[in-house]
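Please read the structure below before turning to the comments.
The values are calculated or read from the model by the stated rules, or taken from the named source; none is laboratory data. Just so we're clear, the structure is a prediction, and the values are computed from it rather than from any experiment. For neighbour counting, all protein chains shown are included, and Cβ atoms are generated from backbone atoms with ideal geometry for every residue, glycine included.
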Amino acid sequence: MSLTIQKIEVACPECGGTQMESENFLSTVCRGCGVYFKSPRASVGGRRKIKRKNIEKRELSCAECGATQEVAVEAQSSTCLSCGRHLELGHREILGEHLGNISLEGELRIGPKGNYGGSRARAARIILEGRSSGFLEAPEFLRVAGQARIRSGASGGHLEIQPGAGLESGDRLDFVDGRIDGELRCPVVHFAGPLAVGPKGSVIAEKIHFRELTVEPGGRVAGWAETEPAAANGTL
Amino acid sequence: MNSVTGAGADPEESKMPEMVSGTPNLWGDVRFLKDASLQANVHGNVEATHRLVLAAGAEVAGGVKAKELCVEGKIKGGLEAVGRVWLKSGAVVRLRCFAGSLRIEPGADFQGELRVGRNLP
């Protein structure tokens, strides 16, 4: 048995023409002049507004075009409002062998027995405890929490080597700043900003670049070092 | 506080310190036996048994060795300190820096071999 929908006569606010609409209609188009108009019930708040609790948001930048936008913390994917690129926001964990490139806006963890075999992995945050043959890119931070190895180098925002952890890199490392409380060995390491070496930290590299350096008592550094070329302070 | 003993200078070529724009020039090696602040251009090496401050505008053509060192001037021949070394903004150091602990401020200019801490591989 079908339900009978009650109809009411509504008048177009533009031309005055009348037409029959469902009694529950919220909006329609005038069949006489084509103008779109809403039901009086909808425009005066006859539709109950749902109060949404505050959604926690975080800022996100697109890996492709660099545009920033806000997304819900729980969101698993999004689309860049600027270039339309699909953004994978979730997290991923590599506990064994993994081939193929990775691009995430979330967090990538390579476990102690993990071995990333792709050519390039990009994630906003990378936690490294195992090995990577490919280049690692971490715009927010690369955190080394175990005895780790990187063959092709890495770059990103903050490089952190935790106490007791170690990183051996076969190629250049490029970061904005660094905090070394474990051991770092590499051919070249470049920090555009400050580098801090803790009491149990050590940095051993052929070349070390930084804008400023703090080596706490107990910390160790060895290599050829150069400060970032700022405005010339003087020549010798 | 300052104690200067000239050493290693050739008597025939040694000169009295000059006042040139307020910065004296010293030829030969300089040795400090107490905490000191050096505000001169030294055409030789500098050694300090205690803490040494190389003031802004001061230059050392040779190397500097001290227990602790704060550099605001220029050192061409490298520096060594058992304790803490602090390169302030405007400092210029070349060749090497060996230190127990180290702070290089933004604006300091360093190029050379860097060794901080003990028992390095």
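Tabulated results
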| read-out | value |
| --- | --- |
| Number of the exception - A:Ser78 against (1) surrounded by 13 or more Cβ atoms within 10 Å (Cβ to Cβ); (2) among the small types (Gly, Ala, Ser); (3) assigned to a loop (DSSP other than H, G, I, E, B) | (3) |
| Among residues of segment A:83-122, those that are assigned to a loop (DSSP other than H, G, I, E, B), at pLDDT 95 or above and under 20 Å from A:Leu60 (Cβ atoms), counted | 0 |
| Residue within segment B:61-77 that is more than 7 Å from chain A (Cβ to nearest Cβ), free of Cβ contacts under 8 Å to residues at least 60 places away in the same chain and at positive phi present | no |
| Search result, residues across segment A:203-215 that are over 29 Å from the mean Cα position of the chain (by Cα), facing another protein chain (nearest Cβ under 8 Å) and either within 13 Å of A:Cys186 (Cβ to Cβ) or in contact (Cβ under 8 Å) with a residue 60 or more places away in the chain (or both) | A:Ile204 |
| In segment B:65-110, residue nearest to B:Val30 (Cα to Cα) [restricted to those that are assigned to a strand (DSSP E or B) and of a type in the set (Lys, Arg)] | B:Lys65 |
| Which numbered condition A:Gly218 misses (of (1) touching a Phe, Trp or Tyr at 6+ places or on another chain (Cβ under 8 Å); (2) of a type in the set (Gly, Ala, Ser); (3) within 14 Å of another protein chain (Cβ to nearest Cβ)) | (1) |
| Count of residues meeting criterion [closer than 12 Å to A:Gly157 by Cβ and surrounded by fewer than 22 Cβ atoms within 10 Å (Cβ to Cβ)] in segment A:125-136 | 1 |
| Segment B:63-117 - residue that is of a type in the set (Val, Ile, Thr) and over 21 Å from B:Asp35 (Cβ atoms) and, of those, surrounded by the fewest Cβ atoms within 10 Å (Cβ to Cβ) | B:Val92 |
| Number of the exception - A:Ser152 against (1) assigned to a loop (DSSP other than H, G, I, E, B); (2) without any contact (Cβ under 8 Å) to a residue 24 or more places away in the chain | (2) |
| Unique residue being in a strand (DSSP E or B), of a type in the set (D, E, K, R), under 20 Å from B:Val93 (Cβ atoms) and modelled with pLDDT of 95 or more when the list is A:Glu160, A:Glu206 | A:Glu206 |
| Residue list for segment A:168-197, filter: outside any strand (DSSP E or B) and surrounded by 18 or more Cβ atoms within 10 Å (Cβ to Cβ) | A:Asp181, A:Gly182 |
